[in-house]
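The values are calculated or read from the model by the stated rules, or taken from the named source; none is laboratory data. None of the values given here were measured: they were computed from a predicted structure. Virtual Cβ from ideal backbone geometry, glycine too; neighbours counted across all protein chains shown. In case anyone asks, the SASA skips ligands and DNA or RNA and just uses the protein heavy atoms, side chains included. Shrake-Rupley method; radii C 1.70, N 1.55, O 1.52, S 1.80 Å.
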Amino acid sequence: LSGKQEEAKSKAPTSRRVEIQQLYLNYSAGMTSLPASELLKFLHKEQMELTANEDTAESLIDRYEIEETARESRSMTFEGFLRYMESKDCCVFNQAHTSVYQDMDQPLTNYFISTSHNTYLTGDQLIGKSHLDAYVWALRKGCRCLEIDTWDGPDMEPIVYHGYTLTTKILFKDVITTVARHAFEVSAYPVILSLENHCSQQQQEVMAQYLVSILGDMLVTAPLDHLANGELPSPNEKKVVVAQALSDLVIYTRSVKFISFSHSRENQNIFENTSTAEKKARKLASASGLNFVQHNQRFLTRIYPAGSRTSSSNYNPQEFWNVGSQLVALNFQSLGLPMDLNDGRFQDNGGCGYVLKPAVLLPSDRSFDPMCSQHRLKPTHLLLKVISGSNLPVTRSNKSLDPFVRVEIHGIPSDSRKKNTQTIKNNSLSPHWDNDMNFSISVPELCLVRFCVRDQTGLLSSEFVGQYTLPFTSMRKGEDILLQKHPTGQTFFEPPQHKEQHAASPYPFLCQRSAE
């Protein structure tokens, strides 16, 4: 540091975020506050916001500076700069993607659609509890495809539960009423009701009456008149619920058995979809990735967890997004890597539950096989530095963590990688890693980036602390912070490219990223 910087540093308030303090000192150049002109240089050089101008810098001062003297002189104190650096304006997730920005007028087959499996369950599939709140929870997470398993109930009232198990039961009419009430709180786009129907003909008629009477004009009961191009409607055909169930109400998502890709090409109608268990779907993706991609360009495909997952665990959804499957169904009540990836995927496009598939998965003259390791695509290089963390939780025994950060790339097999920082011993308060990482990615539009903080508990063992996942295409360049909330509403920590799941207070986590 120069003499002026040393003097300024001695006057500046102490902070555990020394890396942020150093940035501030670098640009304030020994002055007691950071002028708007130097803040603008920071935005250009460090944050790579090349369209920022003097007005941009001054608006940040107005937003984050509370010291009146600094505001009047159009400058920012270190406290104001720290507030800015730990704000949404420096979140690694591109804030433009927090609203719907994608083309929503394409056929439903061209979108990944947030999909829940056994939506009614709050626990496992053997003795777990069925509850209406599970539908509310899924809908508020942007889920657009809900599963309802229906069975004959007493007094001609169809019930919903996991058949032949000890899971508790809820009334079908209450489920439909709950869906009608909450379907469009978070997203205005269509909800697909996936009914696994085990009812007698008499109780099926009761179900149909409830669907019509409760959903009213929200329910599609006839084909949309203007759609004569042989394609499914778009998400913009909205206040609309596409019911997948009783034959007289099923218009666009009638379920049929999958036999083969060639059979589908010759016999399947565009308004028909297939549901396939994960094991069979995995075999198809491995053996015929190209055909699977082409199949999903014409038809909706639903993938669901194996029946052997009695604990309601989940598979990795990325393997089925890679082949363009739209309805990749997960148990929303089960936390872990699969739901982290699902949350990361569908926080994009305003969290509306519909994300436009990348161009490589859409109909075109070029073929794409995600299982092929050789792609004629110019790779994208992700250059990332994991800098530091702050206020990480302590262990159950009230001891500091030995934290490290694992950065994972989830995409097609040839792009999927993970790298770790070094472990910082006995430091939950302000671990500093300062690790550079470089990833080469051939299909970035399909990739998710997951930041996972772990506690090193042994030579080859570690425990989960928190995570943040987001689409590669939603990552901002520059020096950024990551934030996330635990499903209970607890605020998590925030590095420039990820979400977390484990703590009860804010954990700012600083990273630096650029791409070529």
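Given the condition among the hydroxyl-bearing types (Ser, Thr, Tyr), modelled with pLDDT of 95 or more, part of a helix (DSSP H, G or I) and within 30 Å of Glu272 (Cα to Cα), answer yes or no: does some residue in segment 126-144 qualify?
For segment 126-144, residues among the hydroxyl-bearing types (Ser, Thr, Tyr), modelled with pLDDT of 95 or more, part of a helix (DSSP H, G or I) and within 30 Å of Glu272 (Cα to Cα): present.
Of the residues making up segment 422-436, those that are surrounded by 19 or more Cβ atoms within 10 Å (Cβ to Cβ) and either in contact with a Phe, Trp or Tyr (Cβ under 9 Å, 6 or more places away or on another chain) or in a strand (DSSP E or B) (or both) number 3. In segment 331-354 there is at least one residue that is in contact with a Pro (Cβ under 8 Å, 6 or more places away or on another chain), part of a helix (DSSP H, G or I) and charged (D, E, K, R). Taken together, the residues in segment 15-34 that are open to solvent by 30 Å² or more (accessible area, probe 1.4 Å) and of a type outside the set (Gly, Ala, Ser) amount to 6. Close Cβ contacts (under 7 Å, 6 or more residues apart or on different chains) running from residues in segment 390-413 that are among the basic types (Lys, Arg) to residues that are modelled with pLDDT of 95 or more comprise Arg406/Lys418; Arg406/Asn420; Arg406/Cys452; Arg406/Arg454. In this structure, Gly351 does satisfy being among the small types (Gly, Ala, Ser) and in the same structural domain as Val191 (by the TED database).
Here Ser388 passes the criteria (1) in the same structural domain as Ser234 (by the TED database); (2) open to solvent by less than 10 Å² (accessible area, probe 1.4 Å); (3) under 22 Å from Glu463 (Cβ atoms); (4) in contact with a Ser or Thr (Cβ under 9 Å, 6 or more places away or on another chain) except the one numbered (1). Screening Lys239 on (1) at pLDDT 90 or above; (2) part of a loop (DSSP other than H, G, I, E, B); (3) open to solvent by 50 Å² or more (accessible area, probe 1.4 Å) shows it passes everything except condition (1).
Residue-wise test of (1) buried (at least 17 other Cβ atoms within 10 Å of the Cβ); (2) modelled with pLDDT of 95 or more; (3) outside the structural domain of Tyr189 (by the TED database); (4) touching a Lys or Arg at 6+ places or on another chain (Cβ under 7 Å).
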residue: Pro317; (1), (2), (3), (4): yes, yes, no, no
residue: Arg345; (1), (2), (3), (4): yes, yes, no, no
residue: Lys357; (1), (2), (3), (4): yes, yes, no, no
residue: Met371; (1), (2), (3), (4): yes, no, yes, no
residue: Val405; (1), (2), (3), (4): yes, yes, yes, no
residue: Glu408; (1), (2), (3), (4): yes, yes, yes, yes
